[in-house]
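Every read-out reported here was derived from the displayed coordinates using simple, explicitly stated rules and does not represent laboratory data. What you are looking at is a predicted structure, and each value in this text was computed from that prediction instead of being measured. Every residue, glycine among them, receives a Cβ derived from its backbone with ideal geometry; neighbour counts consider all protein chains shown.
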DNA sequence: TTGTAAGCGTTATCAC
DNA sequence: GTGATAACGCTTACAA
């Protein structure tokens, strides 16, 4: 294994000089630099993680983590838990993480939070991107300061960021279509239901992938109401119940996004013993129960743990080792059924 | 963060003494030990990974990896690739890995390999367990020498080992049953096919889980021929073809283990356009194609990458940090369909 | 029984 | 521009 010491010896310089070259720091004679670079290449130098880890401790890295928080954000809670675990893990390496929980969406409140983040002078930021100008300008300010940001859960490209970690919603919808085909024998009718309608960022992607895959691969499988989703919320499931009752040929129901898990009970009741497959996304504790009871046939997960831990890990790797992550890390789209849990 | 130095200072002893206590090495005054131990507890000492990694390099750890190798072991090839990647990764930490590829099963050949492994004086062994006395006595000899072993892929308990990494075959069969139910609407007939029959170690577990789940959860779903598998091999698919042709009510076919992927084509031909769901295990390149073509409806993976990498990682963690792994690490049983790849 | 010191590889801070 | 040195936290061989 080649070390900086080896390079220094062969180049006839000190470790410090080699380090300067490696980290593109100024103050090295071009000739020396060329010689050192050649040796780095020739000897196949690879930095040693353990050594770097030990050394970066002294920098006392500080990260910020921004996420929604509240009873309506079940999925984000899983992400937060994973992030907290990762933060605890990183403590050992001299990294501290400050969590900023967003509980409202009004502008002055958000401005205040962004201000607080900025004042904490983080070395890196992991954030769930918001579609507001205040968020955008905040990220841009930090970017100007050279502070890297990693986005998670929502793939927004309006602000500069190092990487995105999360779901490929279009692909996710395509898998849902395949799953629907599996459950229905690739023919018949499938209904669409959703808690957050077309204005939700994830809805569009999933619906696009779903209908695209349906027309491309399963022409005998058609959507009830031409794909118009039955919307539900706050205990009001009438649209969904109507859809189930008025379409006796409907063999599957695709719930694009869940809000109130009570909808499954209502669907089951409205189906009156007929064989209706229910396909959902994610695997909140409530959904695990519904899967067990057979009220959900299958669900597609999007690895909240990865979405919570990887942004922090990526920032650490970037700051500590200079590792540039791939711009998009899509989580796996695993299918869970009753027996999987 | 609490370090050994901190403990030493507060205890009024040297780092060496604290280290002796931490690693249960002899030669420490019981009183001193008690005082140090109390402080370790009280101050919440956690060893620092980076520091340990750096220090263990000097031990130049050496591991051995034993696995089947040959054209008939497609799945094991994926494991081997993952193990090689992990070995390359561990090189940086001063770890070398020797691979021992088992190409035959006759006793003298095996004895020779085991002898070679022993002569290489490994600090740890990762092995696919064989049901032979020579393997058993080999593992026992190494165990007596204090060399830890991690098994993978087959969960055999006849020889002492630190941990098992691999599939829970019974659970795997249960997931297959649930998947069959999903594809058939939980009723009708399902056929069983297999390349390696009842004498294969994985077959028993999967079939047990499958039939158990079927009777417990899906009473309207019955097995063709009472669960007698149609066996196939070396291009001879007559049993399977007969099963498909003679049972027009059969709505699904569960292939418990694959040998020749050509069987899917034959099944498709024999089905003559009728809707027959085919459920398999694993995801070899050939299977990916079949999934894409619709000749396989769904497959259950058992994470060969984890089975290859984790045994080596566990041995390193055990030898470097003293981390005792949980005795059984079951791989995730993820379901893949056409759209998943 | 305990302490000391060197070393694992990298980085930062001086001094020159 | 460059070199020396002291960390970062841990282990180990050797000295006391």
(message) So if I take the alpha carbon set of chain A, get Rg, then get Rh from the Kirkwood formula, what is the Rg over Rh ratio?
(response) 1.10
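If contacts are Cα pairs under 8 angstrom and at least 6 residues apart, what is the relative contact order of the stretch B:15-137 in percent? Before the final figure, lay out each step's value.
Numbers: 102 pairs, mean separation 34.6, N = 123.
The normalised contact order for the stretch B:15-137 reaches 28 percent.
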(message) Based only on other Cβ atoms within 10 Å, what is the fewest-to-most ordering of A:203, B:152, B:114?
(response) A:203, B:114, B:152
(message) Using a 7 Å offset from the Cα along the Cα-to-Cβ direction at both residue A:228 and residue A:81, what is the distance between the two label points in nm, to one decimal?
(response) 3.9 nm
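Using 0.36 nm per residue of separation minus the Cα-Cα distance, give me the extension gain between residue A:204 and residue A:131 in nm, one decimal.
Working: separation 73, 0.36 × 73 = 26.28 nm, distance 1.52 nm.
That pair, residue A:204 and residue A:131, stretches by 24.8 nm at full extension.
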(message) 7 Å from Cα along Cα→Cβ at both residue A:289 and residue B:98: what's the point-to-point distance in nm?
(response) 5.7 nm
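Which whole-number percent gives the relative contact order of the stretch A:1-79, counting Cα pairs below 8 Å spaced six or more residues apart?
Values: 42 pairs, mean separation 22.1, N = 79.
Result for the stretch A:1-79 is 28 percent.
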(message) Below 8 Å between Cα atoms, with a sequence gap of 6+, how large is the relative contact order for the stretch A:169-301 in percent?
(response) 28 percent
(request) Compute log10 of I(q)/I(0) for the stretch A:4-47 with the Debye formula, placing one identical point scatterer on every Cα and leaving out solvent, at q = 0.18, 0.20 Å⁻¹, to two decimals. (result) -0.40, -0.50
(request) Return one number: the angle in degrees, 0 to 90 and rounded to the nearest 10, between the long axis of the Cα atoms of helix B:30-43 and the longest principal axis of the Cα atoms of chain B. (result) 60 degrees
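Can you figure out the FRET efficiency of residue A:187 with residue A:121, using R₀ = 51 Å and their beta-carbon distance, to the nearest 0.05?
0.30
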(request) Sticking with the crude label model, points 7 Å out along Cα→Cβ, report the distance from residue B:24 to residue A:29 in nm, one decimal please. (result) 5.7 nm
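Mind checking Rg over Rh on the stretch B:93-177, alpha carbons, Kirkwood formula for Rh? Don't skip to the answer; put the middle values down first.
Values: Rg = 14.3 Å, Rh = 14.1 Å.
Result: Rg/Rh = 1.02.
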(request) Kindly state, to the nearest 0.05, the FRET efficiency for residue A:272 paired with residue A:216, given R0 = 45 Å and r defined as their beta-carbon distance. (result) 0.85
(message) Along its three principal axes, how long is the protein assembly as shown when you only count alpha carbons? Whole Å, largest extent first please.
(response) 78, 78, 59
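By counting other Cβ atoms within 10 Å of each Cβ, how are B:175, A:301, A:74 ranked from fewest to most? The partial results should precede the final answer.
Details: B:175 26, A:301 20, A:74 17.
So the residues, fewest neighbours to most, are A:74, A:301, B:175.
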(message) Using only Cα atoms and rounding to the nearest 10 degrees, what angle (0 to 90) does helix A:169-184 make with the longest principal axis of chain A?
(response) 40 degrees
(message) Restricting the calculation to Cα positions, tell me the Rg (one decimal) and the Dmax (whole number) of the stretch A:116-158 in Å.
(response) 9.9, 26
(message) With 10 angstrom as the radius, rank A:295, B:179 by how many other C-beta atoms surround their C-beta, starting from the fewest.
(response) A:295, B:179
(message) When only alpha-carbon atoms are used, what values of Rg and Dmax, in angstrom, describe the stretch B:133-212?
(response) 17.2, 56
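Before rounding to the nearest 500, sum -39500 (n - 2.57) across all DSSP H runs of length at least 4 in the protein assembly as shown and divide by the residue total; then give [θ] at 222 nm in deg cm²/dmol. Each step should come with its number before you reach the end.
On the way: 26 runs with 318 residues, N = 682.
Per the formula, -14500 deg cm²/dmol.
I'd like the projected area of the stretch B:278-322, averaged over all directions, using the convex hull of its alpha carbons. Report it in nm² with one decimal. Let's see the in-between values first.
Details: hull surface 14.0 nm².
Mean projected area of the Cα convex hull: 3.5 nm².
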(message) Taking 41 Å as R0, compute the FRET efficiency from the Cβ-Cβ separation of residue A:42 and residue A:305 and round it to 0.05.
(response) 0.45
(message) How tilted is helix A:133-144 with respect to the longest principal axis of chain A? Cα atoms for both, answer in degrees (0 to 90, nearest 10).
(response) 20 degrees
